[in-house]
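To keep things clear, I will list the structure first and then write my remarks on it.
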Amino acid sequence: MERSRIAVAGASGLIGSALVRSLTADGHEVVRLVRREPRGADEVRWDPERQYVDAAGLTGCDVVVNLAGAGVGERRWTPEYKRLLRDSRVLGTAALAEAAASLPRPPRVFVNGSAIGFYGDTGDRVVDEDAPPGDGFLSALCVEWEEAAAPVAEAGVRTVFLRTGLVVARGGGAWGRLFPLFRAGLGGRLGDGRQYWSYIALHDEVAAIRHLIDGDGLSGPFNLTAPQPLTNAEITAAMARVLHRPAAFAVPAPVLRAVLGEMAADVLGSQRAVPRRLLESGFRFAFPGIEEAIRAAV
């Protein structure tokens, strides 16, 4: 990709910060959307919950990447936090899509976050991007999240949705909590361990985003997950092997429900999502296996 001006919302998050490092290392001009007063020409003010974006700051951007949203696993899902999860994604996406669409020269591509939570609990069933949305809070959230980008898609901008799985990384997300537990010898399966976890190495997540930015003609949803989803029990065993720690502990489902409340359904649910469209587009994973992905994160 030629040197481009790229706006990134959610630039301080796990995926966003890694993406920004990758883009700047290759000489691209990155503009970060920030909620405070900008400190330089490389920052643009926005307030996603209030649906405000300084659209003038997006002038000249070839690409807009929206990865913003409150952390799904940060807190118990109280009604107030569920509202924040929704507003930080849906209202923020709508504001950014409208701002990008309003530019005299809109960006050539708009890349928006989403998640495999779109599919709900799929059990043992393999799902690709053609599968319909499931039931539950996260499924409904993902549907709204993607629909909120309609203004920029209707303006003729190529629009991509990143239906991301569990990112294997030390710095945040689900794995950011798993690594310390396993290193302390406290790791183990969650529930019966039979639920499928669709994972992706952070390196491959960033590489896939850049592949989709560069891929003229690539639009719509893409599952960002490794090709072979594994069960929680299989992943637990792999963590134990790579980190040379026991995995004797198990957290029973009733305990998870008592501690996590409604969020336990997401932890215990099974999502066997595969990246059919990503593979068909020619993308190749650097760390397709779980042990490779864990070692890359250590």
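The values are calculated or read from the model by the stated rules, or taken from the named source; none is laboratory data. As the structure is a prediction and not an experimental result, all values here were calculated from the model. Here Cβ is always computed from backbone atoms with ideal geometry, including for glycine, and neighbour counts include all displayed protein chains. Quick note on the areas: whole protein, heavy atoms, side chains included, nothing else; ligands and nucleic acids left out. Shrake-Rupley method; radii C 1.70, N 1.55, O 1.52, S 1.80 Å.
What to note about this one:
- Comparison of Ala131, Ala153 shows that the only residue that is touching a residue at least 12 places away in the same chain (Cβ under 8 Å), of a type in the set (Gly, Ala, Ser), in a loop (DSSP other than H, G, I, E, B) and surrounded by fewer than 23 Cβ atoms within 10 Å (Cβ to Cβ) is Ala131.
- So Val65, is it of a type in the set (A, V, I, L, M), under 14 Å from Arg89 (Cα atoms), under 22 Å from the mean Cα position of the chain (by Cα) and open to solvent by less than 50 Å² (accessible area, probe 1.4 Å): yes
- Pairs with Cβ under 6 Å, 6+ apart, first in the range 35-47 and assigned to a strand (DSSP E or B), second of a type in the set (A, V, I, L, M) and surrounded by 13 or more Cβ atoms within 10 Å (Cβ to Cβ): Glu43/Val34; Val44/Val31; Val44/Leu33; Trp46/Leu33; Trp46/Val53
- Cβ separations smaller than 6 Å between residues 6+ apart or across chains give the following pairs from the range 203-215 residues that are closer than 14 Å to Arg158 by Cα and among the acidic types (Asp, Glu) to residues that are open to solvent by 10 Å² or more (accessible area, probe 1.4 Å) and at pLDDT below 95: Asp214/Met1.
- Which listed residue, of Ala56, Ala94, is in a helix (DSSP H, G or I), among the small types (Gly, Ala, Ser) and surrounded by fewer than 17 Cβ atoms within 10 Å (Cβ to Cβ): Ala56
- Annotation note: of Arg83, Arg89, Arg125, Arg105, the sole residue that is without any contact (Cβ under 8 Å) to a residue 24 or more places away in the chain and either of a type in the set (D, E, K, R) or crowded, with 23+ Cβ neighbours inside 10 Å (or both) is Arg83.
- Residues (of a type in the set (A, V, I, L, M, F, W, C) and either more than 26 Å from Phe222 (Cα to Cα) or assigned to a loop (DSSP other than H, G, I, E, B) (or both)) located in the range 97-113: Leu103
- Of everything listed in (1) of a type outside the set (A, V, I, L, M); (2) surrounded by fewer than 17 Cβ atoms within 10 Å (Cβ to Cβ); (3) outside any helix (DSSP H, G or I), the single unmet condition for Glu144 is (3).
- Of all the residues in the range 29-44, those that are within 22 Å of the chain's Cα centre (by Cα) and open to solvent by 80 Å² or more (accessible area, probe 1.4 Å) number 1.
- Residue in the range 61-71 that is part of a helix (DSSP H, G or I) and not β-branched (Val, Ile, Thr) present: no
- Single residue of the range 151-209 satisfying the filter (at pLDDT 95 or above and of a type in the set (D, E, K, R)) that is farthest from the chain's Cα centre (by Cα): Glu154
- Within the range 1-28, if we keep just the residues that are touching a Cys at 6+ places or on another chain (Cβ under 9 Å) and not hydrophobic (A, V, I, L, M, F, W, C), the residue that is surrounded by the most Cβ atoms within 10 Å (Cβ to Cβ) turns out to be Ser4.
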